[in-house]
Amino acid sequence: MAFPLTIVLLISLSIFISCLHASDPPLTLDYYASTCPNVFDIVKKEMECEVLEDPRNAALVVRLHFHDCFVQGCDGSVLLDDTVTLRGEKKASTSVNSLKGFDIMDRIKNKVESECPGIVSCADILTIAARDAVILVGGPYWDVPVGRKDSKTASLELANANLPAAEEGLLSIISKFLYQGLSVTDVVALSGAHTIGMARCANFRARIYGDFEATSVKTPESETYLSNLRSMCPAALGGDNKESAMDYVTPNLFDNSYYHILLNGEGLLNSDQELYSSALGIQTKELVIKYAHDPLAFFEQFAYSMVKLGNITNLDSFVNGEVRQNCRFVNT
Ligand code: HEM
């Protein structure tokens, strides 16, 4: 007896869903080939304008993508505004007063919508934009698999729980990456994103009045660097939002200078320096040395790890998600 078509479809769907896991996302390079063939060009062109206007914009978008993927997978949940019915992730402890670039996403989304209305998810746009951001400041290229859906939900709790903080210990940070299916190598390579962008005094105060002197090589340059940091970021209250580049040598260039800074013991964030200086970080230290001496190995691993980061999927968003019209709000 033949099965009714709906039952066959349901069985296939449930097999498909049960086969879905983080390492096997339903993403492809040609997902928009027939529905929005120019999407990659549109995003690239917009990101070119944004980065030309201010190279910092590259850093903002890369970090947004990271904060998206660590909470419910890469599903655009980070972009949702708070409303009466939805509590977004923007007030999470690691993001409040800190995570930026939402207006950049709005502008790119508007351009994409004007050419392909209702087709390309915000999560995909953010993933493509992060890749373009890296290239535009001198970093490596990688192909971006697409086909993500936007969530109809966000989770402040998960954002608070999953996102690592500057003062967190190395093992805790590693465990947060392992939880996402990422390895110790991914931790060290992806932390290399701190070769661009800025951090606020609130996030490096404890470090510059703590063990910076102990880890630093104490050259005249590093002493000047530390005293400049201290004058902009006082030990007592005040100056919390004053910013300093995490890579003070080439702040707007995506290169491996971040790892050289760690070798000199001058990492701005505690979490960065621990990769090299923690007694618990034998493997991470070896990787920092490797990437400092071999920029190509860093670029290759960074590209590979970014694809892994972008492929963190979320079954619920994939099955129940949508293509938002406006990245800040779920569709009505
Ligand atoms: C390993 C654990 C990580 C920790 C503890 C961490 C922590 C931080 C902190 C505290 C800041 C400064 C925020 C502020 O002061 O407002 C920051 C900035 C940044 N992070 Fe991370 N991060 C981590 C991993 C990553 C990853 C995996 C990426 C991307 C692949 C990334 C990309 C960035 C970028 C680009 C910035 C600069 C943003 C800007 O200029 O505003 N971070 N991170």
Which ordering of Met246, Met232 is given by a fewest-first count of other beta-carbon atoms within 10 Å? Met232, Met246
Could you give the radius of gyration (one decimal) and Dmax (whole number) of the Cα atoms in segment 127-242, in Å? 17.8, 53
Could you give the semi-axes, largest first, of the ellipsoid that matches the chain, computed as the square roots of 5 times the alpha carbon gyration tensor eigenvalues and rounded to whole Å? 37, 21, 19
If you wrap a convex hull around the C-alpha atoms of segment 182-307 and split its volume per residue, what is the figure in Å³? 103
Solution diffusion estimate, µm²/s, Stokes-Einstein, segment 214-263, Kirkwood Rh from C-alpha pairs, 25 °C, viscosity 0.890 mPa s: 199
Report the charge-dipole magnitude of segment 139-212 in Debye, nearest 20, computed about the Cα centre from +1 at each Lys and Arg Cβ and -1 at each Asp and Glu Cβ. 200
Unit charges on C-beta of K, R, D, E only; dipole of segment 210-332, Debye: 280
I need the phi-derived Karplus couplings for segment 190-195: 6.51 cos²θ - 1.76 cosθ + 1.60, θ = phi - 60°, integer Hz, Gly and Pro marked x. 5, 4, x, 4, 6, 6
Straight-distance crosslink candidates among aspartates and glutamates, where the alpha carbon sits under 15 Å from Lys285 and sequence neighbours closer than 8 are dropped: Asp186, Glu266, Asp272, Glu274, Asp294
What order, most packed first, do the peptides 28-37, 305-314 have when packing is the mean number of other Cβ atoms within 10 Å of each residue? 305-314, 28-37
Segment 46-196 shape via C-alpha gyration tensor axes, a/c threshold 1.5: oblate
Give the cross-link partners of Lys111 among the aspartates and glutamates, using a straight C-alpha distance below 15 Å as the criterion and excluding same-chain residues fewer than 8 apart. Asp41, Glu46, Glu48, Glu50, Asp103, Asp124
MRE, 222 nm, helices only [DSSP H, n ≥ 4, -39500 (n - 2.57), over the chain, to nearest 500]: -15500 deg cm²/dmol
Using the Cα centre of the chain as origin and beta-carbon charges of +1 (Lys, Arg) and -1 (Asp, Glu), tell me which of Phe299, Ser155, Gly73 is placed farthest towards the positive end of the dipole. Ser155
Among Tyr248, Leu171, Tyr209, whose Cα sits farthest toward the positive end of the charge dipole of segment 146-299 (+1 at Cβ of Lys/Arg, -1 at Cβ of Asp/Glu, about the Cα centre)? Leu171
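Read-outs throughout are calculated quantities, based only on the coordinates presented, and are distinct from any laboratory measurement. Computed from a predicted model, the values in this text were never measured in an experiment. Positions of Cβ are backbone-derived with ideal geometry, glycine not excepted, and every protein chain shown enters the neighbour counts.
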